[in-house]
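Peer 1: This is the structure, below, for whatever I ask next.
What follows is calculated from the coordinates using simple rules that are stated; it is not laboratory data. This one's a predicted model, so the numbers in the text were calculated from it and none came from an experiment. Backbone-built Cβ (ideal geometry, glycine too); neighbour counts: all protein chains shown.
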2 protein chains.
Amino acid sequence: MPDQTSHKPSVDGLRADARENRDRILRAARDAFGVQGIDVPVAAIARRAGVGVATLYRRFPTRASLVTEAFAEELRHCVSVLDDGLADPDPWRGFCTVIEKVCLMQAADRGFTQAFLTEFPGQAEFALERARAEENLALLVQRAKDAGGLREDFEPSDVTLLLLANCGVTVGSGEEAATASRRLAAYLLQAFRAETATALPAPARLDLRRIGEQ
Amino acid sequence: MPDQTSHKPSVDGLRADARENRDRILRAARDAFGVQGIDVPVAAIARRAGVGVATLYRRFPTRASLVTEAFAEELRHCVSVLDDGLADPDPWRGFCTVIEKVCLMQAADRGFTQAFLTEFPGQAEFALERARAEENLALLVQRAKDAGGLREDFEPSDVTLLLLANCGVTVGSGEEAATASRRLAAYLLQAFRAETATALPAPARLDLRRIGEQ
């Protein structure tokens, strides 16, 4: 996609060339995080962006600032997916849609889920959005249970289990990862239905934060 | 477990100290493969075993010979799990038992599944065992479908999907990985039941070999 904004007059106090550098760094960071995870060396991102390491550090003094800026749009999308799910008059359908969409987001960009769930000291806004997303998810789970769609013995940790499993199947290229993710999510959503539930072994003690450690 | 065999008189032409070295290398290799995968540098295995790299190479001239020897016992176990599953008069129960056991084997030792599914040139015996295991699995799937237990739209690639998903959830320590694996396998087996099947999206084109590339 050609960058439509970099040649317009500056609106945020950056000169056009500085802005172009910034956009290039963020694109390179998203690509690198997606392939290698968010621990990829900053030097590798600078190389990918075609800028010097000093330029990168001037713009993004910490890894946290780079990660949160790189994923700002995905974060907003994730929050809106949850809001849409909660707004669905059928909570079970809302729950299924959220699970399917989040799995596809993870398939398309494994770096994002990892970024979203990693604790960055000093990134209060990111942490707040995450806390809100987790509360909304817990609310959606409860409503889906109350409506009789989701099985009673579904545990919050099962969301983590699903995301970890999804992370395992989304190893290939884009379309292949999406196909595997869709199939896995469909199987698991069938298993999560209240009407077909039979006894389960004990839930795993898996905090959502676990995904960030992958 | 203390090594009971290393001080007995040699039965396979190796002197006691050579035998001890060999056992120590195989234990170190299993540990290293389990943690870091089968691509771990040979030097790291030698270091872990407390032997020189030259000693290791004298005993195991190729990585393939080291991998196949290290996993010989697990391979036999895996083959016998499949044989037991096929011998079960209830094919659906046989299928479930195989899936549960293989998932737990993978949870206990991620290196083994990877080793089992990686092609090693010149390791004909390993390749033969693997081919036999895959045939037996395909036979078990067909019988479980014919008996009405397994859903008709279950695809061979769904076994790979399950093993990749299981690989994703078995990231923690031993007991934690086993708990997560049991929960995931139980959910998926409920989703695989013919009686609760509803429409699924297209299967992923996932060859079993894919696990070896993890």
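Peer 1: How are the alpha carbon pair distances in the stretch B:52-91 distributed across 10 Å bins from zero to the largest one, expressed in percent?
Peer 2: 27, 30, 21, 14, 7, 1
Peer 1: So what does the Cα-only Debye profile of the stretch B:97-180 read at q = 0.13, 0.19, 0.20, 0.23 Å⁻¹, as log10 I(q)/I(0), no solvent term?
Peer 2: The Cα Debye sum returns log10 ratios of -0.49, -0.95, -1.02, -1.16.
Peer 1: What are the label-to-label distances in nm, one decimal and shortest first, from residue A:65 to the same spot in the other copies, with labels 7 Å along Cα to Cβ?
Peer 2: 5.6
Peer 1: OK, next. Just counting partner chain Cβ atoms within 10 Å, what average do the residues of peptide A:193-202 show around their Cβ?
Peer 2: 4
Peer 1: Moving on to the next point. Whole Å is fine, so just give me how far the alpha carbon centre of the stretch B:171-190 lies from that of the stretch A:15-76.
Peer 2: The two parts, judged by their Cα centres, are 36 Å apart.
Peer 1: Where does chain B land at 222 nm, in deg cm²/dmol rounded to the nearest 500, when only DSSP H runs of n ≥ 4 count, each adding -39500 (n - 2.57), divided by all residues?
Peer 2: When only DSSP H runs of four or more count, the value is -21500 deg cm²/dmol.
Peer 1: Quick check of the Kirkwood formula: for the protein assembly as shown, what is the inverse mean of 1/r over all pairs of different Cα atoms, in Å?
Peer 2: Mean inverse Cα-Cα distance, inverted, gives 24.0 Å.
Peer 1: Give the residue list of GluC sites (Glu not before Pro) in the stretch A:100-201 that are DSSP loop and have at most 16 other beta-carbon atoms within 10 angstrom.
Peer 2: Here the GluC sites (Glu not before Pro) that fit, given the DSSP loop and packing criteria, are A:119, A:152.
Peer 1: How far, in whole Å, is the nearest Cβ of chain A from the axis relating it by rotation to chain B, and which residue carries it?
Peer 2: Whole-Å result, nearest residue of chain A to the axis: A:168, 1.
Peer 1: Sort shortest first the distances from residue A:125 to its counterpart in every other copy, using label points 7 Å along the Cα-to-beta-carbon line, and give them in nm.
Peer 2: Distances to the matching label points in the other copies: 6.3 nm.
Peer 1: Considering only the other residues whose Cβ falls under 12 Å of the Cβ of residue B:41, what net charge follows from Lys and Arg at +1 and Asp and Glu at -1?
Peer 2: +2
Peer 1: The stretch B:24-64: which trypsin sites (Lys or Arg not before Pro) are DSSP loop and have at most 10 other beta-carbon atoms within 10 angstrom?
Peer 2: Details: sites: B:24, B:27, B:30, B:47, B:48, B:58, B:59, B:63; in loops: none.
Loop-located and lightly packed - none at all.
Peer 1: Rg to Rh for the stretch A:16-69: what is it, with Cα atoms only and Rh by Kirkwood? All intermediate terms of the calculation are to be shown ahead of the outcome.
Peer 2: Numbers: Rg = 9.8 Å, Rh = 10.7 Å.
We get a ratio of 0.91 for the stretch A:16-69.
Peer 1: Let me ask another. Provide, for q = 0.10 Å⁻¹, the log10 of I(q)/I(0) from a solvent-free Debye sum over equal Cα point scatterers in the stretch A:72-212.
Peer 2: One equal scatterer on each Cα of the stretch A:72-212 leads to -0.32.
Peer 1: A further question on this structure: Ordered shortest first, which distances in nm separate the 7 Å Cα→C-beta label point of residue B:148 from those of the other copies?
Peer 2: With the label placed 7 Å along Cα→Cβ, residue B:148 yields 2.8 nm.
Peer 1: Using only atoms on other chains, find how many Cβ atoms lie within 10 Å of each Cβ of peptide B:156-164 and report the average.
Peer 2: Details: counts 0, 3, 3, 0, 2, 9, 5, 2, 10.
Mean inter-chain Cβ contacts per residue within 10 Å come to 4.
Peer 1: Note down the net charge around residue B:147, summing +1 for each Lys or Arg and -1 for each Asp or Glu among other residues with Cβ under 11 Å from its Cβ.
Peer 2: 0
Peer 1: What number in nm² do you get for the stretch B:140-206 if you take the convex hull of its Cα atoms and divide its surface by four?
Peer 2: Values: hull surface 19.5 nm².
Over every viewing direction, the Cα hull of the stretch B:140-206 projects on average to 4.9 nm².
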